[in-house]
1. Using DSSP to call loops (not H, G, I, E or B), can you name the GluC sites (Glu not before Pro) in region 87-170 whose Cβ has at most 10 other Cβ atoms within 10 angstrom?
2. I need the trypsin sites (Lys or Arg not before Pro) found in region 165-206, filtered to DSSP loop residues with at most 12 other beta carbons within 10 Å of theirs.
3. Could you give the dipole magnitude of region 172-216 about its Cα centre, charging the beta-carbon of Lys and Arg +1 and that of Asp and Glu -1, in debye to the nearest 20?
4. For K121, which lysines qualify as cross-link partners when the Cα separation must be under 25 Å and same-chain residues fewer than eight apart are set aside?
5. Report the Stokes-Einstein translational diffusion coefficient (µm² s⁻¹, integer) for region 109-192, Rh taken as the Kirkwood radius over Cα pairs, at 4 °C with viscosity 1.567 mPa s.
6. Quick one: divide the alpha-carbon radius of gyration of region 195-236 by 2.2 N^0.38 Å and tell me what you get.
7. Once you keep just the Cα pairs under 8 angstrom separated by 6 or more residues, what percentage relative contact order results for the chain?
8. Work the Kirkwood hydrodynamic radius out for region 1-128: mean of 1/r over every pair of different alpha-carbon atoms, inverted, in Å.
Amino acid sequence: MSKNMILSKGCSCAIGPSILNADLSDLASECQRLMDAGSDYLHLDVMDGHFVPNLTFGHPVVKCLRPKLPEAFFEMHMMVSEPEKWIEPMADAGANMYTFHLEATEDPKTCIRKVKEAGMKAGMSINPGTAVEGLLPYVEELDSVLIMTVNPGFGGQKFMSECLPKVEFLREKFGSLDIGVDGGVGPKTIQQCADVGVNMVVSGSALVKSPNPQDDILSMRSIINKGLERFQQSGN
């Protein structure tokens with residue numbers, strides 16, 4: 001998938017491996033391996049030790065990855081306090097989408113505007129404990145929304161199916177919205193995601209640790225697309 005990827009407007013599946021649990025000592029090769037397996041984009045988790053109790057990497061790593069993966073679409077999942085501070089550095093490093101948390105900023109509208117002015121697509125994420133209604137004032141200005149199905153901060157957590165009604169609520173109200181889920185998503189949980197209208201799939205450990213990620217991506221894509229067909233046929 002080109003770094004100029006046009007999101008599907010809720011009509012088809014896009015799969016983005018989260019490289020949080022990949023071999024970070026060989027990150028570029030790991031990313032290329034997952035792209036070669038059929039990934040549509042790469043989901044890069046940025047954690048600051050404040051918004052979440054973990055540290056990962058920042059824009060210098062993204063800047064190093066960009067020339068090695070010139071065509072990859074980088075979605076930055078900004079699990080950071082004050083996400084406004086990192087918009088320009090991430091844009092300059094070569095990020096394509098900037099997904100920040102509703103809970104992390106006092107001025108979401110300004111943050112969305114600055115992301116777009118920097119030339120990136122704007123995404124917004126909410127934690128399991130945040131009501132989905134909090135997204136409604138911003139949906140029309142966003143390129144995508146990301147529903148967390150684990151508490152953010154660490155990979156390998158158990159999928160929280162109780163978060164899925166948020167997706168169904170959004171899909172019924174906004175049929176052409178790109179809606180993603182993140183946390184514990186893989187072949188064992190993908191049907192639940194398809195049943196509520198997910199179209200952007202962030203999958204970490206299940207793909208990174210898979211002995212055959214290509215087969216898993218093909219299978220998950222088929223399941224999600226069948227779910228989207230059902231929603232389209234029902235008029236949502």
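The values are calculated or read from the model by the stated rules, or taken from the named source; none is laboratory data. Remember, predicted model here, so these are calculated numbers, not experimental data. No Cβ is skipped: glycine too gets one built from the backbone with ideal geometry, and neighbour counts run over all protein chains shown. These accessible areas exclude ligands, DNA and RNA; they are computed on the full protein's heavy atoms, side chains included. Shrake-Rupley method; radii C 1.70, N 1.55, O 1.52, S 1.80 Å.
1. Answer by residue number: E106.
2. Listed in order of number, the matching sites are K188.
3. On the way: 3 positive and 6 negative charges, 24 e Å.
That gives a dipole near 120 debye.
4. K3, K9, K63, K68, K85, K109, K166, K173
5. Details: Rh = 13.6 Å.
D, rounded to a whole number, is 95 µm²/s.
6. Rounded to two decimals, the normalised Rg is 1.33.
7. Reported relative contact order: 22 percent.
8. Mean inverse Cα-Cα distance, inverted, gives 14.8 Å.
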